[in-house]
Amino acid sequence: MLENIDLSLVNWSRAQFALTALYHWLFVPLTLGLSFILVIMETKYFRTGSEVWKKITRFWMKLFGINFAIGVSTGIILEFQFGTNWSNYSWFVGDIFGAPLAIEGILAFFMESTFIAVMFFGWGKVSKRFHLVSTWLVAIGASLSALWILVAGAWMENPVGMVFNPETARNEMNNFWEVLTNPVAIDKFFHTVTSGFVLASLFVIAISAWFILKNREKDMALKSIKVAAVFGFFASVVLIFTGDTSARTLAKVQPVKFAAMEAHYAGENNAGLTVIGFLKDVGELDGFTEKKVVAKIEIPSLLSIMTNGSKNSYVPGIKDFVYGNEEHNILSAEEKMRRGREARDLLFSYKEAKKTGNEVLADELKIKFDDAEFQQDCFKYFGYAFLDKPGDIVPNVPIVFYSFHIMVALGFLFILIQILAWFYSYRNNLDTKKWFLRLAIFILPLAYVAQETGWIVTELGRQPWVIQDLMPVSIAVSHVSSATVQLTFWLFTILFTALLVAEISIMKRQIQNGPKIEEE
Amino acid sequence: MYLAISHAFLQEYWWFIVSLLGSLLVFLMFVQGGQSFIFTLAGDESEKTMIINAMGRKWEFTFTTLVTFGGALFASFPLFYATSFGGAYWVWMAILFSFVIQAVAYEYRSRPGNVLGKRTFEIFLFLNGALSPLLIGIVVGTFFTGANFSINDMNFGKWESPWYGLEAVLNLRNLSLGITVLFLSRLLGLMYIVNTIDDVELDAKARKRSVINSVNFLAGFLFFVISLLVSEGFAVNPDTGEVFMEKFKYLHNFLATPLVLIIFLIGTLLVLYGLYRMIFTGKKDPIWFGGAGTVMVVLALFLVAGYNNTSFYPSVFDLGSSLTIRNASSSLYTLKTMMWVSFIIPVVLVYIWYAWRAINRKPIDRTEIEEQGEGHIY
């Protein structure tokens, strides 16, 4: 497919995608969650007619607008970057991947953009009911948008509902329902959206806590905290549950990523779950470094139970996937590479036969290609043909391991904060708990850390694959020069950083001004 | 559910949908056109704020249409998406950068605590207003003039110019379409200003400014259309898929598809009538004629680029690599699935219309801008 892979181009293209995704992901979770918090607040205004709830809704809506704008701004690059920087990928899977993106535009983006205009500009111009419906539709639109992009993303991690067509040299969709109900997509959607709800809840709690500490807008702040705490608590429960189901699904469809999350190198029965620990190098193996978790706190057998529902079950480790494990029916990476090369060579032979006009041979090869056994035994590992060595299948374990554990630990901390916020709100003594209010403010940056580490686990954990087992990142890139991508990388870095600084500064001032002062 | 629809029909159907989205995008670029006037049309801060707020309440429609246009191209013609975006890198990146800076500019421009300053975001709006219509016009121009790429037997594209798309700017015909779209968007922006802002002075200035912009637009449009009709085009042999040059190809396409020709002619007349009402009457409605005409003209141009056995994205480097709606499309299954989704588009248009009317019921005026009231002012 690609004769000469320019690693510098691959790395800069990855860096650019990571940069834009990480920036984009700073803003999307708040949009997802705050939109539903606005829904709750405005519904209260609609039902009670209370001007207090209107003021509260409008204050948070202003902050929503500031965050939303930069989320949109960073998002447009992501969609088009599949084409600009990953054009081989775009062709190889465009028949499947493009559909959710188009549906996202038609179903979700238009809903969001149409009704957000009513939400912002409709006060006093449309009826209260129409305004409330618009706010609801913005929130639904935002989540629908997340659904479709996550369906697309999940397909990359667990490609289903398609068949490879050697004629066009691409994967083609043959079952849309399977793509939509991909178990990874379902887990990913609920986990991602509820993580956004949790972040928004912590955002509202932190800013409200600041108002209470400053002895300003106490009524608004206390009411906001109550809404955010209850909303956030239920979101956290779903988040933890979907985190668990996500891990189970990962163990099946992305077992190396799953093993990397736990730095689980050697497979074992009664595998324990690491709660906390540090990685130490053990030694160099074939193209990757083995590590050991030291100074760890571990819950015995829990990893086996979580993965397979039984404490005696075997949880394979990274070395099983590199070297294979006959007893547990795990093929080695070397064997998968051999099978992948067989599939690739058959494709090349087919293309050569077509090129030379040898239709008889082409037909014979196509029959072989379409054979279900060949698909299962060889084509399934097509992407392995492009790897250099078995160790290439191992992602960066330390980054994935630490990111995963930081994310999980913070997730449990957040639910504690929400419970306390709810409890003190219920007891009507929140304003006397200065230590808690300060803690709530301190927690907010950690909510963003949790979001970004979650993203890192997802994206770095799946390396080297852009499409699991079918296409490594290295052959997915566009044929542009490395210098070109370097230049756009730095332009994005400067632009997004400048916009982030502006956003934080505007957000800070808007919060300081509170709900009363609109303009300087 | 089994539905006996051919792949060929769906390829044409999806080319129509993509063309419709493209034509709606050009119409909605009245937002960009309006932005390009913020430094030159507004006499004072209130006028500038009125223009920015008039456009600012609609910018997301344009933005969303662009994103959906891209998504629809990806889903229906992935080989175009992969080849053009991955090759004409700099042109697409310039377009995208201009939209990145637009998206934040409205919301942040007048906010307290804006460390980059109001002027920075106004420059962002101006840059987006001037650059994006010009560059989008130039890119669409390559649909008729060709681009420098090759496709290998695995259908992976490679750009064959070190300028990665910037070379398209130097083609006079591409440039003429870029200039046409730029001045058309400016005219539509002026039409939208007189329609939605209730201000006598701004109204008069907008109408006066329409004259010179009409001259520029018509010059570009006439040059492009005449050169299109007399030029060679990229024809496709429907039996073999071979691409070859054909004299007067696009003229032939218009004549072979009379309905498209009628759409083009009516659209042109509507745009001209809109300009007449803008310049010679005091009516507030030119945007409706100009807007409808724009959609029809652009739709017709997209259709002649892809229908009647024509390569819609020809390669001047290697004719055999040229893209047609046959070889660049998604599979039958995907196009059929997407067809069901496309049936939702009329519903989307209806709610957009409803929400648009609700917001535009009361025109923007100085009182609203200066007193702020309940509104969300940019």
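Inter-part distance, region A:26-73 to region B:1-74, computed on C-alpha centroids, equals 27 Å. Footprinting exposure proxy ranking of A:T84, A:T114, fewest other C-beta atoms within 10 angstrom first, gives A:T114, A:T84. Cβ crowding within 10 Å, taken as a proxy for footprinting-reagent exposure, orders A:V400, B:V115, B:V236 from fewest neighbours to most as B:V115, B:V236, A:V400. Of the DSSP H helices in chain B, those with a Cα length along their own long axis of 20 Å or more and a mean Kyte-Doolittle hydropathy reaching 0.5 comprise B:7-28, B:59-76, B:89-109, B:118-145, B:172-196, B:200-230, B:258-280, B:286-306, B:345-360. Which lysines, if any, have their Cα less than 23 Å from the Cα of A:K433, not counting same-chain residues under 8 positions apart? Filter leaves A:K214, A:K218, A:K223, A:K226. Between the Cα long axis of helix A:7-48 and the first principal axis of chain A there is an angle of about 40°, rounded to the nearest 10.
Per-residue mean of foreign Cβ neighbours for B:352-363 is 4 (Cβ atoms of other chains, 10 Å radius).
The modelled label-to-label distance for the pair B:F244/A:D371, using points 7 Å beyond Cα in the direction of Cβ, is 4.2 nm.
Reported to the nearest whole Å, the Cα centre-to-centre distance from region B:278-349 to region A:200-222 is 50.
With the helix formula -39500 (n - 2.57) applied to DSSP H stretches of n ≥ 4, chain B reaches a computed 222 nm mean residue ellipticity of -22000 deg cm²/dmol. For chain A, the longest principal axis of the C-alpha atoms and the axis of helix A:183-213 are separated by about 30°.
The Cα atoms of chain A give a gyration tensor whose axes a ≥ b ≥ c have a/c of 1.5 or more with a/b greater than b/c, which makes the shape prolate. Under the classification rounded if a/c is under 1.5, otherwise prolate if a/b is larger than b/c and oblate if not, where does the protein assembly as shown fall, given a ≥ b ≥ c as square roots of the Cα gyration tensor eigenvalues? Note, shape of the protein assembly as shown comes out oblate. For the set A:K291/A:K380; A:K319/A:K389; A:K280/A:K319; B:K205/B:K284; B:K158/B:K336, the pairs lying more than 23 angstrom apart at their alpha carbons are A:K291/A:K380; B:K158/B:K336.
Nearest 500 deg cm²/dmol is fine: what mean residue ellipticity at 222 nm does chain A get from its DSSP H runs of n ≥ 4 alone, each adding -39,500 (n - 2.57), divided by its residue count? It would help to have the intermediate numbers written out before the result.
Working: 17 runs with 358 residues, N = 520.
Rounded to the nearest 500, the figure is -24000 deg cm²/dmol.
Among B:Y351, B:Y89, B:Y333, the largest mean-square fluctuation in a Gaussian network model of chain B, built with springs joining Cα atoms closer than 10 Å, belongs to B:Y351.
Other residues within the sphere of radius under 15 Å centred on the Cβ of B:D285, judged by their own Cβ, net out at +3 (K and R +1, D and E -1). Largest GNM mean-square fluctuation across B:S23, B:S185, B:S46, computed for chain B with C-alpha springs under 10 Å, falls on B:S46.
Relative to the longest principal axis of the Cα atoms of chain A, the long axis of helix A:128-157 makes an angle of roughly 20 degrees.
What is the calculated FRET efficiency for B:Y273 to A:N175, with r their C-beta to C-beta distance and R₀ = 51 Å, to the nearest 0.05? Don't skip to the answer; put the middle values down first.
Values: r = 50 Å, r/R0 = 0.98.
So, using R0 = 51 Å, E works out to roughly 0.50.
Once you list every other residue whose beta carbon is under 15 Å from the beta carbon of A:N171, what net charge do they have if Lys and Arg are +1 and Asp and Glu are -1? Result for the local shell: -4. Ordered by the count of other Cβ atoms within 10 Å of each Cβ, fewest first, A:I66, A:I475 give A:I475, A:I66.
An ellipsoid equivalent to region A:263-394, defined through the eigenvalues of its Cα gyration tensor, has semi-axes of 41, 17, 9 Å when rounded to whole angstrom and sorted largest first.
Which pairs in the list A:K257/A:K366; A:K54/A:K508; B:K58/B:K208 are over 29 Å apart, alpha-carbon to alpha-carbon? Don't skip to the answer; put the middle values down first.
On the way: A:K257/A:K366 34 Å; A:K54/A:K508 22 Å; B:K58/B:K208 24 Å.
Violating the 29 Å limit, Cα to Cα: A:K257/A:K366.
Among B:V194, B:V31, B:V347, the largest mean-square fluctuation in a Gaussian network model of chain B, built with springs joining Cα atoms closer than 10 Å, belongs to B:V347.
Just to confirm a number: summing +1 for Lys and Arg and -1 for Asp and Glu over residues other than A:V457 whose beta-carbon lies under 14 angstrom from that of A:V457, what do you get?
On the way: positive: A:K188, A:K257, A:R462; negative: A:E157, A:D187, A:E262, A:E452, A:E459.
After counting each charged neighbour, the total is -2.
Every number in this text was worked out from the coordinates using simple rules, so none of it is lab data. From a predicted model like this one, the values you see are computed outputs, not experimental measurements. Because the Cβ atoms are built from the backbone with ideal geometry, glycine has one as well, and the counts that use them run over all protein chains shown.
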